[in-house]
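Encoded as structure tokens, the structure appears first; notes follow it.
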Amino acid sequence: MGLRELKKQQTRELLADTAMGLFAERGFEQVTVVEVARAAGVSPNTVFNYFPTKEDLFFDRQDEVVAHLAEVVRRRPAGSSAVDAVRADLLTGVADGDPTVGLNPGISAFWRIIADSPALRARLLELGERAEAALATALAEESGAGPEDPLPRIVAGAVAGAHRAVLVEIRRAMVSGEPAEAVRERIEAAVERAFGLLGSGLAGYPAGR
């Protein structure tokens, strides 16, 4: 990474971290972009150059999250189905405490900010829809399906929906203050069972590897 790219990354991280601190202290709706800029020591235009909307400041890793399931399917091992790949990735995230999975006591404040903000809840739903659409595209590519074939979109809805439901359950448990280890054990068992049921019907999909 060159010096210019490094500086841009550092500025982006500074803005996101500054914004999150203010959101955690006062709530998303009560903080303005101007206040974020002032706290970070930059102009409002600088903030908008990196983050077009205030929601983008909060979900600063949204592009990575949207692309994740599709990339998991594209990188899956030979002989592995889409369901197998997503299940293995989800279990790894749960075991490792991946921040995007949310099974971490320190992330409860993040979920509470979302719960208190209609704008953030709406953006979270949008991100889920975008992730599902990206997964459908990957499944269509991997299976060789044509644009008129609805199967990749239907399968993507089932797989992404199950994945999203797991994250919602983790969020509910962590916000309510349940011990992380107890949640982890329950979630791992649920993932194995739910994705096992999905996998029994989608074991060969997509074929070709």
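The values are calculated or read from the model by the stated rules, or taken from the named source; none is laboratory data. Being a predicted model, the structure only gives us computed values, none of them experimental. Don't worry about glycine lacking a Cβ; one is built from the backbone with ideal geometry, like all the others, and counts go over all protein chains shown. All accessible areas refer to the heavy atoms of the entire protein, side chains included, with ligands and DNA or RNA removed. Shrake-Rupley method; radii C 1.70, N 1.55, O 1.52, S 1.80 Å.
Send over a whole-number figure in Å² for the accessible area per residue of the chain, probe 1.4 Å.
Accessible area per residue: 52 Å².
Looking only at Val42, Val155, Val72, which one moves most when the chain is put into a Gaussian network model with springs between Cα atoms under 10 Å?
Val42
If you place +1 on the Cβ of every Lys and Arg and -1 on the Cβ of every Asp and Glu, how big does the dipole about the Cα centre of region 29-156 come out, in debye to the nearest 20?
Approximately 240 debye in magnitude.
Take the alpha carbon gyration tensor of region 86-209, find the square roots of its eigenvalues, order them as a ≥ b ≥ c, and report rounded if a/c is under 1.5; if not, report prolate when a/b exceeds b/c, else oblate. Show your work: numbers first, answer last.
Values: a/c = 2.83, a/b = 1.55, b/c = 1.82.
It comes out oblate by the Cα gyration axes.
Under 8 Å for C-alpha pairs, at least 6 residues apart: give me the relative contact order for the chain, rounded to a whole percent.
25
Going by alpha carbons, how many degrees (0 to 90, nearest 10) lie between the helix axis of 118-143 and the longest principal axis of the chain?
40
Connecting C-alpha atoms closer than 10 Å in a GNM of the chain, tell me which of Leu91, Leu103, Leu135 has the biggest fluctuation.
Leu91
Can you tell me the orientation of helix 180-201 relative to the chain, as the angle in degrees between its alpha-carbon axis and the longest Cα principal axis, to the nearest 10?
40
Simple spin-label model, 7 Å along Cα-to-Cβ: Gln30 to Ala122 in nm?
Once both label points are built, they end up 2.2 nm from each other.
If DNA, RNA and ligands are ignored and the probe is 1.4 Å, what is the ranking of Tyr205, Tyr50 by accessible area, most exposed first?
Tyr50, Tyr205
Would you mind pulling out the separation of the Cα centroids of region 7-50 and region 106-129, in Å?
Spelled out, the Cα-based centre of one part sits 18 Å from the other.
Quick one: helix 62-74 against the long Cα principal axis of the chain, what's the angle to the nearest 10°, folded into 0 to 90?
The angle comes out at about 20 degrees.
Based solely on its DSSP helices, what 222 nm [θ] is calculated for the chain when runs of n ≥ 4 H residues each add -39,500 (n - 2.57) and the sum is averaged over all residues, nearest 500 deg cm²/dmol? Don't skip to the answer; put the middle values down first.
On the way: 10 runs with 153 residues, N = 209.
My calculation for the chain gives -24000 deg cm²/dmol from helical runs alone.
Kindly report, to the nearest 10 Å², the accessible surface of Arg186 as traced by a 1.4 Å probe over protein heavy atoms only.
Here the accessible area works out near 90 Å².
Once the whole set of protein chains is in place, how much accessible area is left on Arg121, using a 1.4 Å probe, in Å² to the nearest 10?
That residue has around 110 Å² of solvent-accessible surface.
If you add up the charges near Arg153, with Lys and Arg at +1 and Asp and Glu at -1, over every other residue whose beta carbon is less than 12 angstrom from its beta carbon, what do you get? Before the final figure, lay out each step's value.
On the way: positive: none; negative: Glu129, Glu132, Glu148, Asp149.
That works out to -4.
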